[in-house]
Every structure is written in C-alpha cells, then in structure tokens.
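The values are calculated or read from the model by the stated rules, or taken from the named source; none is laboratory data. Remember, it's a predicted structure, so these values are computed and weren't measured experimentally. Here the Cβ positions follow ideal geometry from the backbone for every residue, glycine too, while neighbour counts run over all protein chains shown.
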Amino acid sequence: MDLLTGAVIGRIGFSAYSVASIRPVNFVVDDQAVVFRSAAGAKIGPALRRSPVCFEVDHFDPSMGTGWSVIVTGLTGLIHDPERIARIDRVLSSWMPGALGHLMSIEIEQITGRRIA
C-alpha cells in the first residue's frame, strides 16, 4: 500500500467491447480504493457495469537494475457522494487540461507486488 499511495500515475487494464485495453491515469488512493477521473468513453463502460479490472503502478531504475510493481484487482464504480468528490478533487491532479467528467473508483479486492533487487 505504501508504494501504491506514493505513486501518482498508474495504468488501468480493462475489457471494453471484448477488447483488452490499458490506459494511463492520474490517481489517488482514497478509502481503500484507487480513484481517478475519466471522460465518457471506453473506460466508463466497465464502471457502469461494476466490472473487474486491474490497476498497475511501477518504478524501475535501469542503471541499478532495481524496481518494483504493484497490481490491484477489484470492481469499478462511479463516485457520486459530493463530500467524497470534493475531498478527492483537492488532492487529485491531472495532466489532462480541464476537468474530466466522471470520478471512478476501483475497490481494492486484492493487491500484490514485486520488488526487483
């Protein structure tokens, strides 16, 4: 969890329309969930269906041959609670200009990791 909460960019893996996809997103961990914003489109479909997804963060230092990765699996959902949205918006940054419409969560059901030393 420390490695996950210390990262700011991760990748969500999901299936949309029978096609596997991976997309980078800015995220925060809030209330035992990975939370990110998304515009309407491919990523929003799994959230509306409460589909299982995976989420990955990593860091590697090629010069030292070291690194780590963390993989989260869980169900997606949309966040509607105004107080939670306001709290998350204070800490969630984005490289995308303007606000993206939907605040999504991945409820952490399983978390695994690996260190390369």
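Test residue 57 against the criterion of being touching a helix residue (DSSP H, G or I) at 6+ places or on another chain (Cβ under 8 Å) and surrounded by 15 or more Cβ atoms within 10 Å (Cβ to Cβ), and give yes or no. Yes: the conditions hold for residue 57.
Go through the range 35-47 and give me each residue that's under 10 Å from residue 102 (Cβ atoms), of a type in the set (A, V, I, L, M, F, W, C) and modelled with pLDDT under 75.
The answer is 40, and nothing else.
Note on the range 1-29: residues that are over 15 Å from residue 57 (Cβ atoms) and part of a loop (DSSP other than H, G, I, E, B) amount to 2.
When you check residue 25 against the structure, is it modelled with pLDDT under 95, touching a strand residue (DSSP E or B) at 6+ places or on another chain (Cβ under 8 Å) and on the phi < 0 side of the Ramachandran plot, yes or no? Full working, then the answer.
Numbers: modelled with pLDDT under 95: yes; touching a strand residue (DSSP E or B) at 6+ places or on another chain (Cβ under 8 Å): yes; on the phi < 0 side of the Ramachandran plot: yes.
Yes, satisfied.
The number of residues in the range 61-83 that are touching a strand residue (DSSP E or B) at 6+ places or on another chain (Cβ under 8 Å) and not in a strand (DSSP E or B) comes to 2.
Return the residues of the range 43-64 that are more than 17 Å from the chain's Cα centre (by Cα) and among the small types (Gly, Ala, Ser); say none if nothing qualifies. Step through it out loud before you land on a result.
Going residue by residue through the range 43-64, those that are more than 17 Å from the chain's Cα centre (by Cα) are 60-64.
Scanning the range 43-64 gives a single hit, 63.
Please go through the range 78-95 and give me each residue that is free of Cβ contacts under 8 Å to residues at least 40 places away in the same chain and surrounded by 10 or more Cβ atoms within 10 Å (Cβ to Cβ), ordered by number.
First pass over the range 78-95, keeping only residues free of Cβ contacts under 8 Å to residues at least 40 places away in the same chain: 78, 80-83, 85-86, 89-90.
Within the range 78-95, 78, 81, 85, 89 qualify.
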